[in-house]
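The next block holds one structure in the form of structure tokens; read it before the comments.
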Amino acid sequence: MKAIIFAGGVGTRLWPLSRKKSPKQFEKVIGDKSTLQLAVERLIPNFDWKDIFVSTSERYIPMVLQQLPMMISENVIGEPELRDVGPAVGLITAILYKKYKNTPMVILWSDHLIKKNDLFKKILYQCEKIIKKHKDKIIFIGQKPRFASQNLGWIKFDKVSYETNNIKLYNFSGFHYRPTIEKADEYLENGNNCWNLGYFVTTTYNLWKLYEKYQPEMFTGLKELYKAYGTSRFIQLLKKIYPKMPKMSFDNAILEHINKEDAYVISEDLGWSDIGAWEALKEALQTSPEQNVINGKVLLTDCRDSLVYNYTDKLVVTIDINGLLVINTHDVVLVCHKNSVPKIKKLVEKLSESENQHLV
């Protein structure tokens, strides 16, 4: 099976650590390794390096190769321009279909945390065996919800289709992106819903045919790139065709169109967290909501439910703070309530149009 890790986002919700010149997936958010390094590490040794691919922006290719010295350079695919996930998945599908035709593939992301790596590897192994037998299916891998999240997508599933090696595959029923708190409470209560991680397993052939069927305009360009891949024309053609592709999410492009009977759902507790935002990072690392999460030279007195990350040699001292985020970098100090994280993205957009645009 081929594993594709997407690592092209900018990550404005983790500003000021995450910047355009060095997005979140390349930064040391947890311990002394980047989340990209952790994403690859959890695949090894079950996957050989030749079977691991990274999709990123072309400007970040040197950074990927620097952080992953064992990576095969031609397996790092650079997008000449960000066009959202729909075209990005289409591009990697065209390349893999050209090289491997009808091979199982798994889509993964570089900015997630998974605590139960052994279970994750077991699930991937079972998915590969299933997809080899059912090459026209998709298996969505979901996280059993820990709370009623309004900020994540949810996958609905029905009865168990079959079970293999203690892994249950449910019939797929649909998606719901960012539900109301009432709906999220309902999903958590009924037990027939899981968090959508954006992880799925299918075959290169099946995904290629889905693009042909549901995105004919995009497929026209993808087919040209498919034909040119492996020749001297590919990079030039990529720079010409890719920026003209319609900008759309993978959900809108493909997943919203698939037949429910063509997909299965695995819902397990992987210890998964999307750590693409500061409050999500705190939730992932804390053992209780009242616990403080710190990094670097930090001294807290009478504080609770706060995250304080210091990336400088100066000591950061906080007294009597509750529910706050304090991020100290060499050129920016961010202090806000953890519930105000959505405003960070808007702030970064304003900075992009000001005299402080160099801080974005």
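The values are calculated or read from the model by the stated rules, or taken from the named source; none is laboratory data. Remember, predicted model here, so these are calculated numbers, not experimental data. Neighbour counts are summed over all protein chains in view; Cβ atoms, including those assigned to glycine, are modelled from backbone coordinates with ideal geometry.
Could you check, for region 76-86, whether at least one of its residues is under 19 Å from Ile107 (Cα atoms), of a type in the set (Asp, Glu) and in a loop (DSSP other than H, G, I, E, B)? Yes, the conditions are met somewhere in region 76-86. Just give me the residues in region 38-63 being basic (Lys, Arg) and touching a Lys or Arg at 6+ places or on another chain (Cβ under 6 Å), in sequence order. Listed by number, the list is empty, since nothing qualifies. Reported count of residues in region 28-50, each being buried (at least 19 other Cβ atoms within 10 Å of the Cβ) and either within 18 Å of Ile344 (Cα to Cα) or among the small types (Gly, Ala, Ser) (or both), is 3.
Would you mind stating whether Phe250 is among the aromatic types (Phe, Trp, Tyr), touching a helix residue (DSSP H, G or I) at 6+ places or on another chain (Cβ under 6 Å) and under 25 Å from Tyr170 (Cα atoms)? Steps first, answer last, please.
Numbers: among the aromatic types (Phe, Trp, Tyr): yes; touching a helix residue (DSSP H, G or I) at 6+ places or on another chain (Cβ under 6 Å): yes; under 25 Å from Tyr170 (Cα atoms): yes.
Answer is yes for this residue.
State all residues of region 26-41 that are part of a helix (DSSP H, G or I) and farther than 15 Å from Met70 by Cα; if no residue qualifies, say none.
Within region 26-41, the first condition is being part of a helix (DSSP H, G or I), and the residues that meet it are 26, 35-41.
If the condition is that a residue be part of a helix (DSSP H, G or I) and farther than 15 Å from Met70 by Cα, then Phe26, Thr35 are the ones that fit.
A residue that is modelled with pLDDT of 95 or more and touching an Asp or Glu at 6+ places or on another chain (Cβ under 9 Å) occurs nowhere in region 59-74. The residues of region 213-226 that are part of a helix (DSSP H, G or I), touching a residue at least 60 places away in the same chain (Cβ under 8 Å) and of a type outside the set (Ser, Thr, Tyr), listed by number, are Met218, Phe219, Leu222, Lys223, Leu225. Consider region 51-75 and keep the residues that are under 19 Å from Leu91 (Cβ atoms) and in a loop (DSSP other than H, G, I, E, B). The one that is nearest to the chain's Cα centre (by Cα) is Met71. Selection of first residues in region 45-66 that are touching a residue at least 24 places away in the same chain (Cβ under 8 Å) and of second residues that are β-branched (Val, Ile, Thr) and in a helix (DSSP H, G or I), restricted to Cβ pairs under 6 Å at least 6 apart or on distinct chains, gives the following pairs, ordered by first then second residue: Val54/Val64; Ser55/Ile92; Thr56/Val64.
When region 164-181 is limited to residues that are of a type outside the set (Phe, Trp, Tyr) and under 16 Å from Lys137 (Cα atoms), the one that is surrounded by the most Cβ atoms within 10 Å (Cβ to Cβ) turns out to be Leu169. Across region 10-25, the number of residues qualifying as free of Cβ contacts under 8 Å to residues at least 60 places away in the same chain, assigned to a loop (DSSP other than H, G, I, E, B) and more than 16 Å from Ser55 (Cβ to Cβ) comes to 2. Within region 45-57, restricting attention to residues that are at pLDDT 95 or above and of a type outside the set (S, T, N, Q), the residue that is farthest from Ser73 (Cα to Cα) is Phe47.
Restricting attention to region 310-332, report how many residues are more than 20 Å from Gln286 (Cα to Cα) and in contact (Cβ under 8 Å) with a residue 60 or more places away in the chain. Count: 3. For region 341-351, filtered to residues that are at pLDDT below 90 and either assigned to a helix (DSSP H, G or I) or more than 22 Å from the chain's Cα centre (by Cα) (or both), the residue that is farthest from Ala280 (Cα to Cα) is Lys345. The residue pairs whose first member lies in region 187-208 and is assigned by TED's automatic domain parsing to the domain that holds Asn102 and touching a residue at least 40 places away in the same chain (Cβ under 8 Å), whose second member is assigned to a helix (DSSP H, G or I) and among the acidic types (Asp, Glu), and whose beta carbons are closer than 8 Å, counting only pairs six or more residues apart or on different chains, are Val201/Glu128. Scanning region 148-173 for residues that are among the aromatic types (Phe, Trp, Tyr) and modelled with pLDDT of 90 or more gives Trp154, Phe157, Tyr170, Phe172.
Can you name the residue in region 191-236 that is touching a strand residue (DSSP E or B) at 6+ places or on another chain (Cβ under 7 Å) and hydroxyl-bearing (Ser, Thr, Tyr) and is also farthest from Gly271 (Cα to Cα) among such residues? Selected residue: Thr204.
Each row is one residue, and each column tells you yes or no for (1) more than 22 Å from Gly11 (Cα to Cα); (2) assigned by TED's automatic domain parsing to the domain that holds Phe172; (3) out of contact with any helix residue (DSSP H, G or I) (no Cβ under 9 Å at 6 or more places or on another chain).
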{"residue": "Thr35", "(1), (2), (3)": "no, yes, no"}
{"residue": "Val64", "(1), (2), (3)": "no, yes, no"}
{"residue": "Ile107", "(1), (2), (3)": "no, yes, no"}
{"residue": "Phe120", "(1), (2), (3)": "yes, yes, yes"}
{"residue": "Lys132", "(1), (2), (3)": "yes, yes, yes"}
{"residue": "Asp136", "(1), (2), (3)": "yes, yes, no"}
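Please pick out the residue among Tyr242, Tyr264 that is in contact with a strand residue (DSSP E or B) (Cβ under 8 Å, 6 or more places away or on another chain) and outside any helix (DSSP H, G or I).
Numbers: Tyr242 fails: outside any helix (DSSP H, G or I).
Every option except Tyr264 fails the conditions.
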